[in-house]
Each structure stands twice: as C-alpha cells, then as structure tokens.
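I have placed the structure first, in the form of structure tokens, so that the comments after it can refer back to it.
The values are calculated or read from the model by the stated rules, or taken from the named source; none is laboratory data. If you're wondering where the values come from, they're calculated on a predicted model, not measured in any experiment. Virtual Cβ from ideal backbone geometry, glycine too; neighbours counted across all protein chains shown.
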Amino acid sequence: MLQNLYPDDFHVDIDYEPRINDVNYWNKYQIVHAHRSIGQDYAIVPDLIKKLKSMGIIVIVDIDDYWLPTKEHPIHSIILQHKINERIVMNLKEASYITTTTDIFANEIRKLNKNVIVFPNAINPKEPQFNEPTLPSDKIRVGWLGGSSHLHDIALLDSFIQKNQDINDKLQYVLCGFDTRGTVTQINPQTGEEQKRDILPHETVWVRYEEIFTNNYKTTTEEYKNYLMKFEQNNYVGNGDLPYLRVWTKPINTYASNYSKFDISLAPIKNHIFNRMKSQLKVIEAGFYKKALIASEVGPYTIDLVHCLNNGEFNDNGNAILIPESRNHSDWSKSIKKLVQNPEMITELGERLYNTVKDKYDLNKVTDERASWYKSLIK
C-alpha cells in the first residue's frame, strides 16, 4: 500500500529469506523494517541489528502480539522451549524503533525500548472482502470469526445458547473459520523431542468451538449432526434456516467476507496480558461491516468501544455492548436477548460502530501517517 500510494518516494522489498551476511544486500536500504525478527535464526539478530545500525541503516522491529502467550495458548510450550520470547525481547531492545498497533501495547514495550510508534491495524475499504453484501434472513444471525488459538476465549460463551432457549428459534449461530488442517505436536517431557502428525478432524479445536455454538449439538437435528461429523465442505440444503451454521476457513484475502454471514458479531477474550496487548482488529472489521458488536470489556476493546446500555436501557452514546469480566457467566446471553428484543438497535449499533472506525482505521490514512514518519526518519 505504501509503494502504491507513493511510487515516487518509496521502493519496498518484502523478503522472507534475506541474505544475512551479504553487506551489498543491506547497503541498498535506508530502513529495514522487520516483524519480530530478521530471518529465521533469532540468535544472530541482535548482532545483525547492531551491524546494520553501524552502517547507518534504521532498524525498525514491528510486533503486534505479546512475546509470551499464556499457558493455555497452543504454542506456549514451544516458545518457551526455543526461548523465542527472550529472543524477541532482545530484538526489541536493540532496534532503533518499534512499531505496534495500540497505545496499550506501546506502553508495555516502552519498558524495553522508549522509541515506540503506534500504527493501528487498518482496512482498505475498497477491498472486495470488506464489501460483501449481507443477505436478508428471517433469523437474527450471531457470529464469531477467528483462528484456532481461542478456545479459552470462546469458553466464556459456554452455556450461552442453553440460557437463550426461549429465543433460539429466532437465532442462527454462525461459526466462521472452521478448519481441519494442521498437525499435532507432541513433546517428550524427558528428552524434549518433538514429534508431529496430521491432526484428525474430530481432534481439531474447531469441534470444541462447535460444541459451544450448538450446546453440544443439542440444537441440531440428528441428521444435521451426522452431516457435520462427516466434515465435508459442501453446502447443506436449507442452511439459511438452521440453528447453527459452520463456515469453513477462507484465504487471508477473502476471510473478512465471512462478516457478511451474520448480524451480531461476538468478541469474547479472557483478561490476561496476552489478550490485553492484542489489537482491536475485531472492532475495526465489525465496524467496517456495520455489525452490532458484543465484546469483552478488556484491553483493546476499551479503546474505541463505549457501552450502549445504562441500567438495561439503550443510550445515544454507546456503539457496542461491553461485557465486564465479572458478568461473563450471564451477560453474553442477556445481551443477545436484549438485541433480539430490540432488533432496530442491531442496525443502529452497526452504524454507530462504522462511524467510529471508518476514518480512523482507513488504510489510506494510516499509510499516509506511516509515509510521513518514514520520511521524517530519513531527514
């Protein structure tokens, strides 16, 4: 985007395998901007950063996730075993500058390096995946879209469907991103040896997600459950009327089109340091799609969101429903019910959220700010 908007000012190379020891390779750059590390060998990067800086090259390290996930994260043990978190911290300390996505994370990084700049995640509103129309439906569709590392976040919703039994006939729950690909990594506790094998469909975390979104398949017919257990990617006849809809994963350049499949977006996250340092990307995506958002009142979701309820009544200032940590046990289901009882607020909250994000997180604007910053560094 930078090179497209400023072809006369910037030339950008994206290189996943830079020639680490080739001085001539590095001499053609004024800025090296790396995500977490330069190349795959973390151990040599701090010395490489020092060398590049001695050559007059500005070295910027970008980071958008806290360097050590919590124990419940699937790659926690692997990161510890290979000391990746320690390597990332060393890179951050050596860098000329750090870029990250929120002021919350920036303040944490400044404990290691004071030169931190915030460029938020942003969206190109002209990109087709953010312009997919939402088809009308007789049901109100409640959806979640994300990756495979969120089981403990999704678990905050546990039993929310059971608690909504009196309105479930008006709802369709939509789970987006379903994926049976991948491997299982097993680590021998005595030797530390890693062994990998292909994951079996029923072992994937997505089945655990699905159990939460179907109340352990109690909301589905036996016929539909049998279809789901085949893990086939063809469409089920009459899926618009189903109480639950599985939506398979899509490539990175089309995944956001899944927001068109629901009306209310859910963003549950547990309150711990890894989540507090995350970006507000789900807020931004839901906003550009004009979706009503119900989110945890944690970290990144407190940046732009204002709770829209006072004593159970909608106010004119809020742009989302926020769930306090102490109310996880009850308010996810209550908030969905509140919107079902006031369907006009689904549209209204979507419009309010869109107005919150449409200018602030437009990729054109953020790229302009990035270009100005790069130019100031060179000057």
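If I filter the range 203-217 down to residues being in contact (Cβ under 8 Å) with a residue 12 or more places away in the chain and in contact with a helix residue (DSSP H, G or I) (Cβ under 9 Å, 6 or more places away or on another chain), which single residue comes out as farthest from residue 176 (Cα to Cα)?
Going through the qualifying residues, I end up with 215.
Filter the range 317-345 down to residues that are within 14 Å of residue 297 (Cβ to Cβ) and hydrophobic (A, V, I, L, M, F, W, C), then give me how many there are.
Residues meeting the conditions: 5.
Which residues, taken from the range 31-90, are acidic (Asp, Glu), assigned to a loop (DSSP other than H, G, I, E, B) and within 18 Å of the chain's Cα centre (by Cα)?
Listed by number, the residues that qualify are 64, 65, 72.
Quick check on residue 141: is it among the charged types (D, E, K, R), at pLDDT 95 or above and within 30 Å of residue 213 (Cβ to Cβ)?
Against the criterion (among the charged types (D, E, K, R), at pLDDT 95 or above and within 30 Å of residue 213 (Cβ to Cβ)), residue 141 qualifies.
Only one of these conditions is not met by residue 371: (1) more than 16 Å from residue 126 (Cα to Cα); (2) free of Cβ contacts under 8 Å to residues at least 60 places away in the same chain; (3) not hydroxyl-bearing (Ser, Thr, Tyr). Which number is it?
The failed condition is (2).
Going by the structure shown, is residue 117 part of a strand (DSSP E or B), modelled with pLDDT of 95 or more and among the aliphatic types (A, V, I, L, M)?
Yes.
May I ask you to list the residues in the range 253-282 that are assigned to a helix (DSSP H, G or I) and not charged (D, E, K, R)?
Selection gives 255, 256, 257, 258, 259, 260, 273, 274, 275, 281.
Out of the residues in the range 178-215 meeting the condition of being surrounded by 12 or more Cβ atoms within 10 Å (Cβ to Cβ) and assigned to a loop (DSSP other than H, G, I, E, B), tell me which one is nearest to the chain's Cα centre (by Cα).
179
Out of the residues in the range 289-310 meeting the condition of being touching a residue at least 40 places away in the same chain (Cβ under 8 Å) and touching a Lys or Arg at 6+ places or on another chain (Cβ under 7 Å), tell me which one is surrounded by the fewest Cβ atoms within 10 Å (Cβ to Cβ).
Per the criteria, the residue is 299.
When the residues of the range 267-285 are narrowed to those that are of a type in the set (Val, Ile, Thr) and closer than 18 Å to residue 73 by Cβ, which ends up surrounded by the fewest Cβ atoms within 10 Å (Cβ to Cβ)?
That would be 273.
For the structure I just gave you, tell me whether residue 262 is aromatic (Phe, Trp, Tyr), touching a strand residue (DSSP E or B) at 6+ places or on another chain (Cβ under 6 Å) and at pLDDT 95 or above.
Against the criterion (aromatic (Phe, Trp, Tyr), touching a strand residue (DSSP E or B) at 6+ places or on another chain (Cβ under 6 Å) and at pLDDT 95 or above), residue 262 qualifies.
If residue 369 satisfies all but one of (1) in a helix (DSSP H, G or I); (2) among the charged types (D, E, K, R); (3) outside the structural domain of residue 106 (by TED's automatic domain parsing), what's the number of the condition it fails?
In the conditions (1) in a helix (DSSP H, G or I); (2) among the charged types (D, E, K, R); (3) outside the structural domain of residue 106 (by TED's automatic domain parsing), residue 369 misses (3) alone.
Of 285, 223, 232, which residue is assigned to a helix (DSSP H, G or I), outside the structural domain of residue 102 (by TED's automatic domain parsing) and free of Cβ contacts under 8 Å to residues at least 40 places away in the same chain?
Within the list 285, 223, 232, the selection yields 223.
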